[in-house]
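Enquirer: Quick one: the structure is below, questions incoming.
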Amino acid sequence: MEVQKKHLAILASGSGTNAENLIRYFTDHDQVSVDLVLSNKKDAFVLERARKAEIPSLLFSREEFNNVNFLEKLEEIDYLILAGFLWLIPNYLIEAFPGRIINIHPSLLPKFGGKGMYGSYVHEAVIQNQESKSGITIHLVNERYDEGKVLFQASCPVNLDDTADSLAAKIHQLEYEHFPKVIEKYIQDQEGD
């Protein structure tokens, strides 16, 4: 029996290194493909990464995103992947994609999560709190920031001489290594493969 390919849309607000990593990982994959990149920022470099990878992209406003008609843009999509996307996901999307919206967060949740906790803000908070380790959390999305069911965590040490930038570099390595594989396994498990 032929496996029905699952189609991903990536939502990103920034540079898009995780998006690019996912696109590369799922290129020529027999079960999963990245079919769309969505961004809420016209100057987000993720749009350029999508163009270079020949993945269709879409820019949208908050008004468009909060309107249920936004679903029309996602008709062919099976899973939403948040890769540095900073807006809260509206309820209509959570209901339309139950258990099929996945986010990556650059800390070991529940520590250092919630509104305003993204990017260097997270790393600075980790260092200020003298944590001995940090890491990534890959989780399902619900109606509150960073509170959905945790699918996977990986950690790294925080050294005394770490800065937000040096810690970010360690976190990025964990993201690149684990995010595609966790998505792949989660989708396979969901689809009963």
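Enquirer: Which is open to solvent by less than 20 Å² (accessible area, probe 1.4 Å), farther than 16 Å from residue 187 by Cα and out of contact with any Cys (no Cβ under 9 Å at 6 or more places or on another chain), of 16, 84?
Expert: Result: 16 is the single residue among 16, 84 that is open to solvent by less than 20 Å² (accessible area, probe 1.4 Å), farther than 16 Å from residue 187 by Cα and out of contact with any Cys (no Cβ under 9 Å at 6 or more places or on another chain).
Enquirer: Sort out which residues of the range 143-193 are of a type in the set (Val, Ile, Thr) and open to solvent by 40 Å² or more (accessible area, probe 1.4 Å), and write them in order of number.
Expert: 150, 163 - these are the residues of the range 143-193 that are of a type in the set (Val, Ile, Thr) and open to solvent by 40 Å² or more (accessible area, probe 1.4 Å).
Enquirer: Continuing with this model, one more query. Please work out which one of (1) surrounded by 22 or more Cβ atoms within 10 Å (Cβ to Cβ); (2) within 12 Å of the chain's Cα centre (by Cα); (3) of a type outside the set (Gly, Ala, Ser) is the condition residue 79 fails and give its number.
Expert: Status for residue 79: all satisfied but (1).
Enquirer: Consider residue 95 carefully, then state whether it is closer than 24 Å to residue 41 by Cβ and out of contact with any Lys or Arg (no Cβ under 6 Å at 6 or more places or on another chain).
Expert: It is false that residue 95 is closer than 24 Å to residue 41 by Cβ and out of contact with any Lys or Arg (no Cβ under 6 Å at 6 or more places or on another chain).
Enquirer: Conditions first: (1) touching a residue at least 40 places away in the same chain (Cβ under 8 Å); (2) over 16 Å from the mean Cα position of the chain (by Cα). Residue 102 passes all but one, so which condition is the exception?
Expert: (2)
Enquirer: Additional query: List the helices (runs of 4 or more DSSP H) inside the range 77-193, counting only whole elements, that have at least 1 residues being modelled with pLDDT of 95 or more, of a type in the set (Lys, Arg) and in contact with a strand residue (DSSP E or B) (Cβ under 6 Å, 6 or more places away or on another chain).
Expert: In the range 77-193, 164-190 are the helices (runs of 4 or more DSSP H) which contain 1 or more residues that are modelled with pLDDT of 95 or more, of a type in the set (Lys, Arg) and in contact with a strand residue (DSSP E or B) (Cβ under 6 Å, 6 or more places away or on another chain).
Enquirer: Please work out which one of (1) crowded, with 18+ Cβ neighbours inside 10 Å; (2) on the phi > 0 side of the Ramachandran plot; (3) among the polar types (S, T, N, Q) is the condition residue 130 fails and give its number.
Expert: Looking at each condition in turn, residue 130 falls short on (1).
The values are calculated or read from the model by the stated rules, or taken from the named source; none is laboratory data. Not measured: the values here are computed from a predicted model. Because the Cβ atoms are built from the backbone with ideal geometry, glycine has one as well, and the counts that use them run over all protein chains shown. Quick note on the areas: whole protein, heavy atoms, side chains included, nothing else; ligands and nucleic acids left out. Shrake-Rupley method; radii C 1.70, N 1.55, O 1.52, S 1.80 Å.
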